[in-house]
1. Would you confirm whether or not the stretch 24-35 contains a residue that is modelled with pLDDT under 95, open to solvent by 60 Å² or more (accessible area, probe 1.4 Å) and among the hydrophobic types (A, V, I, L, M, F, W, C)?
2. How about the stretch 73-99: which of its residues are among the aliphatic types (A, V, I, L, M), within 26 Å of H110 (Cβ to Cβ) and surrounded by 13 or more Cβ atoms within 10 Å (Cβ to Cβ)?
3. Which residues, taken from the stretch 61-110, are touching a residue at least 40 places away in the same chain (Cβ under 8 Å) and either among the basic types (K, R) or closer than 21 Å to S31 by Cβ (or both)?
4. Which numbered condition in (1) closer than 18 Å to L37 by Cβ; (2) in a helix (DSSP H, G or I); (3) aliphatic (A, V, I, L, M) is the only one that I70 fails?
5. Whether any residue in the stretch 81-103 is among the β-branched types (V, I, T), in a strand (DSSP E or B) and either on the phi < 0 side of the Ramachandran plot or modelled with pLDDT of 90 or more (or both) is what I want to check.
6. Where residues in the stretch 36-72 are among the hydroxyl-bearing types (S, T, Y) and more than 11 Å from the chain's Cα centre (by Cα), which of them is most open to solvent (accessible area, probe 1.4 Å)?
Amino acid sequence: MAAWSPAAAAPLLRGIRGLPLLHCAQRMFASQTEGELKVTQILKEKFPRATVIKVTDISGGCGAMYEIQIESEEFKEKRTVQQHRMVNQALKEEIKGMHGLRIFTSVPKH
């Protein structure tokens, strides 16, 4: 077994996307992470008629996993799987850097 060294341990001390774990812990206390803001902005552009868009980084601020809630008329008369595909398509590039995504979609009730 090899001896422990700081260089060998460095990858273990890093969070998702190479961010230090301390950075991830600090982001837990921020009001909204950069990733949440970016995903929210993209969804607002792709779903302009949405009445609710809520993006929550559920990975502790590291950007590895998000929960998304969207309420929009664009989902009317579409099955849930179709609605989720629309969200996945809107976030196609961002999803490449994520570990997971929880999507909740709905149509506004009038």
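1. The first filter runs over the stretch 24-35 and keeps only residues modelled with pLDDT under 95, leaving 24-35.
Next, only the ones that are open to solvent by 60 Å² or more (accessible area, probe 1.4 Å) stay: 26, 28-29, 31-32, 34.
Now drop any that are not among the hydrophobic types (A, V, I, L, M, F, W, C), which leaves 28-29.
There is at least one residue in the stretch 24-35 that is modelled with pLDDT under 95, open to solvent by 60 Å² or more (accessible area, probe 1.4 Å) and among the hydrophobic types (A, V, I, L, M, F, W, C).
2. Initially, the stretch 73-99 is screened for residues among the aliphatic types (A, V, I, L, M), giving 81, 86-87, 90-91, 95, 98.
Those left that are additionally within 26 Å of H110 (Cβ to Cβ): 81, 86-87, 90.
Of everything in the stretch 73-99, those that are among the aliphatic types (A, V, I, L, M), within 26 Å of H110 (Cβ to Cβ) and surrounded by 13 or more Cβ atoms within 10 Å (Cβ to Cβ) turn out to be M86, V87, A90.
3. Listed by number, the residues that qualify are C62, G63, A64, E94, R102.
4. If we test I70 against (1) closer than 18 Å to L37 by Cβ; (2) in a helix (DSSP H, G or I); (3) aliphatic (A, V, I, L, M), just (2) comes out false.
5. The first filter runs over the stretch 81-103 and keeps only residues among the β-branched types (V, I, T), leaving 81, 87, 95, 103.
When the remaining residues are screened for being in a strand (DSSP E or B), the result is 103.
Retained after the next criterion (residues that are either on the phi < 0 side of the Ramachandran plot or modelled with pLDDT of 90 or more (or both)): 103.
Yes, the stretch 81-103 contains at least one residue that is among the β-branched types (V, I, T), in a strand (DSSP E or B) and either on the phi < 0 side of the Ramachandran plot or modelled with pLDDT of 90 or more (or both).
6. Just the residues of the stretch 36-72 that are among the hydroxyl-bearing types (S, T, Y), to begin with: 40, 51, 56, 59, 66, 72.
Subset that is more than 11 Å from the chain's Cα centre (by Cα): 51, 72.
On the way: T51: 88, S72: 0 Å².
Among them, the one singled out is T51.
The values are calculated or read from the model by the stated rules, or taken from the named source; none is laboratory data. Keep in mind that this is a model prediction, so the values were computed, not measured. Cβ: placed from backbone, ideal geometry, glycine included. Neighbour counts: every protein chain shown. When the accessible area is computed, the model is the full protein with side chains, heavy atoms only, and any ligands, DNA or RNA have been set aside. Shrake-Rupley method; radii C 1.70, N 1.55, O 1.52, S 1.80 Å.
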